[in-house]
1. Please give the number of the condition A:Y89 fails out of (1) within 11 Å of another protein chain (Cβ to nearest Cβ); (2) touching a Phe, Trp or Tyr at 6+ places or on another chain (Cβ under 6 Å); (3) assigned to a strand (DSSP E or B); (4) not basic (K, R).
2. Looking only at residues that are more than 14 Å from B:G103 (Cα to Cα) and assigned to a strand (DSSP E or B) in region B:13-25, which one is farthest from the chain's Cα centre (by Cα)?
3. Are any residues in region A:50-69 open to solvent by 20 Å² or more (accessible area, probe 1.4 Å), away from every other protein chain (no Cβ under 14 Å) and of a type outside the set (A, V, I, L, M), and if so, which ones?
4. Please work out which one of (1) within 13 Å of chain B (Cβ to nearest Cβ); (2) touching an Asp or Glu at 6+ places or on another chain (Cβ under 8 Å) is the condition A:E72 fails and give its number.
Amino acid sequence: NAGVTQTPKFRILKIGQSMTLQCTQDMNHNYMYWYRQDPGMGLKLIYYSVGAGITDKGEVPNGYNVSRSTTEDFPLRLELAAPSQTSVYFCASSYNRGYTDTQYFGPGTRLTVL
Amino acid sequence: GESVGLHLPTLSVQEGDNSIINCAYSNSASDYFIWYKQESGKGPQFIIDIRSNMDKRQGQRVTVLLNKTVKHLSLQIAATQPGDSAVYFCAEIRDATNKLIFGTGTLLAVQP
């Protein structure tokens with residue numbers, strides 16, 4: 001199993017550009033999550049999904065959109081990139097609810113908005 | 001507001017010594033806590049967890065202690081090794097939300 005994979009690893013965007021961060025897991029996990037991590041800080045939840053077709057907002061959803069058309073994929077969309085969105089983005093998945101099952105994290109996508 | 005935070009941003013220890021990383025939380029309703037290790041350039045890695053109905057839980061070379069009276073969590077690493085060098089985060093989950101709330105992180109630097 002590859003686990004949780006994310007693409008791209010790095011990206012530089014100009015203000016106002018859009019992009020999609022890809023996340024795929026091959027563990028047949030129901031739950032998937034998107035976090036952002038600012039320098040020297042912990043992770044903050046952007047969006048999460050409890051299964052295909054179901055998504056919900058986390059702590060910091062503004063400026064982002066998600067979709068979950070399959071169990072495996074959970075892309076994160078930035079429509080109008082802003083400097084405040086410069087961060088490292090982590091995708092994670094778990095088979096069940098977080099408090100009964102471990103969340104497995106991907107390697108991250110480092111995004112810079114100039 | 002409610003938060004989870006760490007007392008010490010950086011901890012430097014000698015190889016072979018025991019390490020103790022501390023974490024304070026403010027929400028008494030939190031019922032599940034997790035310690036994650038994050039190496040440079042990588043995603044967080046689960047280390048150990050503890051439910052609020054427990055005071056102590058042990059893993060391989062790691063022990064987590066929970067003091068609900070003072071809302072304090074600690075991670076003890078025995079015989080610290082260079083491979084333990086990383087940033088350690090505590091995180092909490094409040095039952096029914098399934099959302100991880102992360103603390104700021106402590107950098108553990110192991111000196112050879």
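The values are calculated or read from the model by the stated rules, or taken from the named source; none is laboratory data. Nothing here was measured: the structure is a model prediction, and the numbers come from that model. Neighbour counts are summed over all protein chains in view; Cβ atoms, including those assigned to glycine, are modelled from backbone coordinates with ideal geometry. Ligands, DNA and RNA are stripped out before the accessible areas are found, and what is left, the full protein with its side chains, is counted by its heavy atoms. Shrake-Rupley method; radii C 1.70, N 1.55, O 1.52, S 1.80 Å.
1. Here A:Y89 meets the rest and fails (2).
2. Going through region B:13-25, the residues more than 14 Å from B:G103 (Cα to Cα) turn out to be B:13-20.
Those left that are additionally assigned to a strand (DSSP E or B): B:13-14, B:19-20.
Working: B:V13: 16, B:Q14: 19, B:S19: 11, B:I20: 9 Å.
The residue in question is B:Q14.
3. Of everything in region A:50-69, those that are open to solvent by 20 Å² or more (accessible area, probe 1.4 Å), away from every other protein chain (no Cβ under 14 Å) and of a type outside the set (A, V, I, L, M) turn out to be A:G53, A:N62, A:G63, A:N65, A:S67, A:S69.
4. (1)
So that you can scan it fast, the table gives a plain yes or no per residue for (1) within 8 Å of chain B (Cβ to nearest Cβ); (2) farther than 13 Å from A:Y89 by Cβ; (3) open to solvent by 80 Å² or more (accessible area, probe 1.4 Å); (4) not in a loop (DSSP other than H, G, I, E, B):
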| residue | (1), (2), (3), (4) |
| --- | --- |
| A:I12 | no, yes, yes, yes |
| A:I15 | no, yes, yes, no |
| A:T24 | no, yes, no, yes |
| A:G40 | yes, yes, no, no |
| A:L45 | yes, no, no, yes |
| A:Y48 | yes, yes, no, yes |
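For (1) part of a loop (DSSP other than H, G, I, E, B); (2) among the aliphatic types (A, V, I, L, M), each residue gets a yes or a no:
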residue	(1), (2)
B:N27	yes, no
B:G43	yes, no
B:M54	yes, yes
B:L65	no, yes
B:Q76	no, no
B:A79	yes, yes
